[in-house]
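Novice: Handing you this structure, nothing more for now.
Computed from the coordinates by the stated procedures, all read-outs in this text should not be read as laboratory data. Here the structure is a predicted model, which is why all the values come from computation and not from measurement. Methodologically, a virtual Cβ is constructed for each residue, glycine included, from the backbone with ideal geometry; neighbour enumeration extends over all protein chains shown.
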Amino acid sequence: MAPKKKPAQAKAKAKKVATRKATVKRKPAASKAASKASKARKVVAPKKPIRIGFLIGKDTDLVEDPKYVGDASFMDDMPDKYRVDPESKEYLKNCEGGTKGFAHADVAIPWYIHKKYGSDVVVDMIFPEEITLKRLKSNMCNYIIGYDVINSIFEGPQRYREVTKAFKECGNLMPSWEVQDFIYIKSRYMQACMDAGIPMAPTIFAKKGKRSPTKLLAEIKDRGWQTFVMKQSMMAFSLGFCKLKVEDCEKDPSILANYFKDYAECPEYVVQEAVDGFTRNWETRVFWFNGKFLYAIANKAAVSTEDGKEVIITGDDIPSEFLENAKRIGEQALKVLPQLCTPSGQPIDMTLIRTDVGCSDSQLHDKNTNWDPNGRTFFLNEIEYGGTTYFIRHLKEDWVPKWAELYVNKSQEIFDKMCEAAA
Ligand SMILES: Nc1ncnc2c1ncn2[C@@H]1O[C@H](COP(=O)(O)OP(=O)(O)O)[C@@H](O)[C@H]1O
Ligand SMILES: [Mg+2]
């Protein structure tokens, strides 16, 4: 996903989150979501050719890159406006003539669909600034592939309000608003995973309106932690991430006080005991579609490497112990997600979900956690969806055609279900 603004601005922009009702109860049951959808909308059968939208906006997931193993010639006639200038991170349509840009996964996949399946589906690639309720409704469904509500936060309060409203009201996003909302606010899925017995790093949620630096530090000490990390909901790209020592925070209360001041509007901080294993072991990201395994990549995030550079491995370079455990835990995590439904309310298998699994191999101090300090404990770190990084250029096989096929088949499935519902 692409914040078109620098991190420094993100802080101020993130303030908008204040108006978000962080305590809104989600409606988890499939039947509930389904009946709500069908009550709210009269089902009209979609027409052929099927119109599908893609919400684009990435600048961190290149396909037009020397590392891409596929045949990139399908993009030869792609309009340049869809390419991103690596310097300004802007689409070329917003750059001076002559600027050179490159395509990312979120435009490469829909363009491939347009080229290969153009007689079955009409592809509508929607730039962030083009998102309106009317535009979304003009398609049978719209896939989140490169832009979502979190990106809109970086574009200021008004845009955040508009995008959220359009997302909630259009009723035809894939995945649905119910699924997105469950993932945006991390405590929802994290708590559900913990309740389901899925291993997770020791975690405290510090929610807006109910938190203070002193209370948080007391809670952290009570849990027995010595080092901890601060993360946030409604945030991405490791922004708002920091690693702190309890000892330092006790000596200098301004450390936490400043964090609370800087991110006063964030709906919730996700505070975790620092797991040192992140700096030594792979975090394995598993990609799922229709609840089935597609591929995995393993990496060490920039915040977790000594030189601040991200390291990535894929395919059979991923040690099988890591892959197998990441799949095992990811599969469990998929089960806590709300049921995805078509715009007409029929249950349907899930679109892209990515489950990120970490590995702990040293002592944790949390009083409630009993992980073997001498063995490896795999745990769920995060769940992401549609607009997440696909890492296509790092893969040893060409995944553009495969993603295209998955999205086209899913669209056909939705079309059939909507026709059934309308009959
Ligand atoms: N509890 C933790 N202890 C140590 N490092 C962590 C912890 N949680 C996350 N990290 C590091 O920070 C990175 C970003 O955190 P993550 O939860 O994935 O948030 P996001 O990807 O949304 O920024 C992780 O990939 C990992 O390297
Ligand atoms: Mg992450």
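Novice: Return the long-range amide H neighbours of Y143 (sequence gap of 5 or more, or a different chain), with a cut-off of under 5 Å between placed amide H atoms.
Specialist: Excluding prolines and chain starts, which carry no amide H, the hits are G53, F54, L55, M174.
Novice: In debye, nearest 20: dipole of the chain around its Cα centre with unit charges on the Cβ of K, R (+) and D, E (-)?
Specialist: 2200
Novice: Springs between alpha-carbon atoms under 10 Å, Gaussian network over the chain: tell me which of P157, P49, P213 tops the mean-square fluctuations.
Specialist: Of P157, P49, P213, the most mobile in the Gaussian network model is P49.
Novice: Once label points are set 7 Å from the Cα along Cα→Cβ at both E397 and N94, what is their separation, rounded to one decimal in nm?
Specialist: It works out to 3.6 nm between the two label points.
Novice: On to the next question. What whole-number distance in Å separates the alpha-carbon centres of region 408-423 and region 107-158?
Specialist: Cα centroid to Cα centroid, the span is 19 Å.
Novice: Please rank F54, F289, fewest neighbouring Cβ atoms within 10 Å first, as an exposure proxy. Please list the in-between numbers first.
Specialist: Values: F54 26, F289 18.
Fewest to most other Cβ atoms nearby, the residues stand as F289, F54.
Novice: Averaging over every viewing direction, what projected area does the convex hull of the Cα atoms of the chain cover, in nm²? Don't skip to the end; give the middle numbers.
Specialist: Numbers: hull surface 81.0 nm².
Averaged projected area of the chain's Cα convex hull equals 20.2 nm².
Novice: Can you pull the semi-axes for region 53-176, root of five times each eigenvalue of the Cα gyration tensor, sorted largest first, whole Å?
Specialist: Details: eigenvalues 119, 71, 27 Å².
Output for region 53-176: semi-axes of 24, 19, 12 Å.
Novice: Report the semi-axes of the equivalent ellipsoid for region 189-266 in whole Å, largest first, where each axis is √(5λ) for an eigenvalue λ of the Cα gyration tensor.
Specialist: So the equivalent ellipsoid measures 21, 16, 12 Å along its semi-axes.
Novice: From the square roots a ≥ b ≥ c of the eigenvalues of the alpha-carbon gyration tensor of region 95-168, which class results: rounded (a/c under 1.5), prolate (a/b over b/c), or oblate? Walk me through the numbers before you get to the answer.
Specialist: Numbers: a/c = 2.31, a/b = 1.21, b/c = 1.90.
Oblate, since a/c reaches 1.5 and b/c is not below a/b.
Novice: Continuing with this model, one more query. Could you work out how far helix 157-170 tilts from the main Cα principal axis of the chain, as a 0 to 90 degree angle to the nearest 10?
Specialist: So the helix axis and the longest Cα principal axis differ by about 60 degrees.
Novice: Another one. Give the distance, in whole Å, between the Cα centre of region 329-398 and the Cα centre of region 183-203.
Specialist: 10
Novice: Now for a separate question. Return the calculated 222 nm mean residue ellipticity for the chain, to the nearest 500 deg cm²/dmol, obtained by summing -39500 (n - 2.57) across DSSP H runs with n ≥ 4 and dividing by the residue count.
Specialist: Working: 14 runs with 142 residues, N = 423.
Result for the chain: -10000 deg cm²/dmol, rounded to the nearest 500.
Novice: Relative to the compact-globule scaling 2.2 N^0.38 Å, provide the ratio for the alpha-carbon radius of gyration of region 241-391.
Specialist: Rounded to two decimals, the normalised Rg is 1.20.
Novice: When DSSP assigns beta bridges and you keep just the ones with both residues in the chain, what percent turn out antiparallel, to the nearest 5? Kindly include the intermediate steps, with their values, before the conclusion.
Specialist: Details: 43 of 56 bridges.
Taking every DSSP beta bridge within the chain, about 75 percent pair in antiparallel fashion.
Novice: So what's the angle, to the nearest 10 degrees on a 0 to 90 scale, between helix 400-422 and the longest Cα principal axis of the chain?
Specialist: Value to nearest ten degrees: 70.
Novice: Using the per-residue mean of other Cβ atoms lying within 10 Å as a proxy for protection, in what order, highest first, do the peptides 308-320, 401-413, 344-356 fall? Can you show the working numbers first?
Specialist: Values: 308-320: 13.0, 401-413: 18.6, 344-356: 21.0.
For the peptides 308-320, 401-413, 344-356, the packing ranking is 344-356, 401-413, 308-320.
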